[in-house]
Amino acid sequence: MIVNNKLPQDFTIDRYGLHVRFVNESDAEFIVRLRTDGKLGRYIHATTPDIGAQIEWTSRYKQREAAGEDYYFMFESLDGKRLGLCRIYDIHPADFTVGSWLFSPAAPMGAAILADIITREIGFGLCPEGRLLFDVRAENTNVIRYQRTYKPVVLKETESDVFFELSRDNFEKYKMLHLRMFAPKQ
């Protein structure tokens, strides 16, 4: 439940067959393993393999979380297996950003897409009249192809990145394409 445009400190949600909670210090090893994986990490900012540094970063993040400035989510299977990560940050009344979307290759097919949908649902819940801003590395053609299924506006393209803006209307309109493919049947 969102109160005063903030998520509660004990936030969790089960949706589309995934359990979502905030990242905490005990997730540091999993986060470092994903972020330093050569294949997974090729389109994200470099991360040190130092688990202690990740614990320190997470401790600082928890302060931003408490202030409602930044939310870093851990996505798990319903039986508790860690699958991946995503963040909402730069949260303003008119817009928010989603990023740090990273999933284990061992995650079930479609889990990363479902997590992205959940993260956007949460973001639009925090900013009901807002727009989603995000960027994708230009070389990450698979993710760009996925993002274009929502019909976002391309704000800018550089040699290294494509910057997008997505309205709530387009998100709601096109998310069903992915839910039909990947969400567990009820």
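The values are calculated or read from the model by the stated rules, or taken from the named source; none is laboratory data. Please read these numbers as outputs of a predicted model, since none were measured by experiment. For neighbour counting, all protein chains shown are included, and Cβ atoms are generated from backbone atoms with ideal geometry for every residue, glycine included. Note: areas computed on protein heavy atoms with side chains; ligands, DNA, RNA excluded. Shrake-Rupley method; radii C 1.70, N 1.55, O 1.52, S 1.80 Å.
Within the stretch 52-70, is there a residue that is surrounded by 15 or more Cβ atoms within 10 Å (Cβ to Cβ), of a type in the set (Val, Ile, Thr), within 15 Å of the chain's Cα centre (by Cα) and not in a strand (DSSP E or B)? Looking through the stretch 52-70, none of the residues is surrounded by 15 or more Cβ atoms within 10 Å (Cβ to Cβ), of a type in the set (Val, Ile, Thr), within 15 Å of the chain's Cα centre (by Cα) and not in a strand (DSSP E or B). Filtering the stretch 12-38 to residues that are in a loop (DSSP other than H, G, I, E, B), open to solvent by 20 Å² or more (accessible area, probe 1.4 Å) and modelled with pLDDT of 90 or more leaves Tyr16, Gly17, Asn24. In the stretch 47-61, the residues that are more than 9 Å from Ala28 (Cα to Cα) and without any contact (Cβ under 8 Å) to a residue 24 or more places away in the chain reach residues that are polar (S, T, N, Q) and surrounded by 12 or more Cβ atoms within 10 Å (Cβ to Cβ) with C-beta atoms within less than 7 angstrom, at least six apart or across chains, in these pairs: Thr47/Thr36; Pro49/Thr36. Listed by position, the strands (runs of 3 or more DSSP E) inside the stretch 71-186 whose residues that are farther than 23 Å from Arg21 by Cα, open to solvent by 20 Å² or more (accessible area, probe 1.4 Å) and at pLDDT below 95 number at least 2 are 131-137. Do any residues in the stretch 1-28 that are among the acidic types (Asp, Glu) have Cβ atoms under 6 Å from those of residues that are modelled with pLDDT of 95 or more, where the two are at least six apart or on different chains, and which pairs are they? From residues that are among the acidic types (Asp, Glu), the pairs are Asp27/Met74.
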